[in-house]
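A quick write-up on the structure given underneath.
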Amino acid sequence: MKNNEDIVRYLMNLLKLAVFAMILVGIIIFIKLGVMFFVNAKLDDLAHLGDFFGGMLNPIFAFLAFIALLTTIKLQNDALEISKNELQETRKELSKSAKAQEEQSQSLKLQNHATILQIFENTFFQLIALFVKIRDSLSIEICRNKYYERIGLGRGDKNYPYCKCNGIEEKIEEKIEYKQYTGNYEIFSIFHLILKNYATYDAFNSKYEKCTGVYFGQIYQILKFVDDSNIENKLRYINIFRAQFTKDELEFLFYHCLGTIGKRRFKKLVEDYEFFEHLILNVKIEESLLEYDIKAYGKNEDIIKKYNELKENKPQALA
């Protein structure tokens, strides 16, 4: 900027000098013409005088035109430089504005994500609370008001407990305490005893679905709710849900998802989310272990080891 100011100052000085020269030449011409008129100069002399001043003025005018051209170029360069600086400043401001908008957008995204997560978690934990309420409402009464004989074992004098569950009446071939059983720590141990009376789980479920249908339906809806959501780390929430289950519940769910109803959509969800990672192995479970994808058992080393053994021996058994 300092060099540009020096150039402008230099050009202005040249312009002043040119103007001064023109004034000086004009004065000389005026004096010369006056003298010639006073001494009756000839016309030829005036012609020579015009050629003389023309030869002097043409370079001066050419120089002045050159100075004007330089001045115009300088002014254009200055205007371009100003425009360039203004453009740079505009770009800086636009960059700052874009950065501010990006930060604002990122902030809005984080707020939106937090809001979505909060809505999801509120619904998720409400569903779990409803699930616990449904499970705790399950009830079976074991009483003496009817007796059954154990057929085929020659022990007709032995009495067996009689269970009542939501209008269903059935004997249990086990000696257990006569009382009302409720809650997950009691009710599913009784369901396991009842299940022994049936050849298949489907046969049991066709009779007891009105007792357990809402319970299993709520499990399915919670798994599906998490699976359909757009949240990250879905397995974390499934693990929270799975922590609500006792070993008897997990075993019963194991049988339910292999039934006709459970196989449709329920089975895939428990496989995808490793729901049987904490399942306790027993002889009954081993019989159906291969019916699930191995991922259903998560990182349970005992089950995975048994799973692989059964898978290796399966071709030999079929042969």
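The values are calculated or read from the model by the stated rules, or taken from the named source; none is laboratory data. Bear in mind that the values here come from a model prediction, so they are computed numbers and not experimental data. As a convention, Cβ positions derive from the backbone with ideal geometry for all residues, glycine included, and neighbour counts pool all protein chains shown. Side chains included, ligands, DNA and RNA excluded: accessible areas come from the protein's heavy atoms. Shrake-Rupley method; radii C 1.70, N 1.55, O 1.52, S 1.80 Å.
I'd like to verify a number: residues in the range 95-141 that are among the hydroxyl-bearing types (Ser, Thr, Tyr), under 19 Å from Glu249 (Cβ atoms) and open to solvent by less than 70 Å² (accessible area, probe 1.4 Å), how many?
1
Can you tell me which of Tyr255, Tyr273, Tyr297, Tyr292 is touching a Ser or Thr at 6+ places or on another chain (Cβ under 9 Å) and not aliphatic (A, V, I, L, M)?
Within the list Tyr255, Tyr273, Tyr297, Tyr292, the selection yields Tyr255.
Confirm whether Ile304 is surrounded by fewer than 20 Cβ atoms within 10 Å (Cβ to Cβ), of a type outside the set (D, E, K, R) and farther than 30 Å from Leu193 by Cβ.
No.
Identify all residues within the range 108-141 that are over 23 Å from Ile194 (Cβ atoms) and outside any helix (DSSP H, G or I); write none if there are none.
Passing the criteria: none in range.
Yes or no: the range 188-199 includes at least one residue that is open to solvent by 80 Å² or more (accessible area, probe 1.4 Å) and modelled with pLDDT of 75 or more.
Looking through the range 188-199, at least one residue is open to solvent by 80 Å² or more (accessible area, probe 1.4 Å) and modelled with pLDDT of 75 or more.
Is it fair to say Ile238 is in contact with a helix residue (DSSP H, G or I) (Cβ under 9 Å, 6 or more places away or on another chain), open to solvent by less than 40 Å² (accessible area, probe 1.4 Å) and not in a helix (DSSP H, G or I)?
no
Would a scan of the range 308-317 turn up a residue that is over 30 Å from His113 (Cβ atoms) and surrounded by 13 or more Cβ atoms within 10 Å (Cβ to Cβ)?
Yes, some residue in the range 308-317 is over 30 Å from His113 (Cβ atoms) and surrounded by 13 or more Cβ atoms within 10 Å (Cβ to Cβ).
Open to solvent by less than 60 Å² (accessible area, probe 1.4 Å) and of a type in the set (S, T, N, Q) - does that describe any residue in the range 219-228?
no
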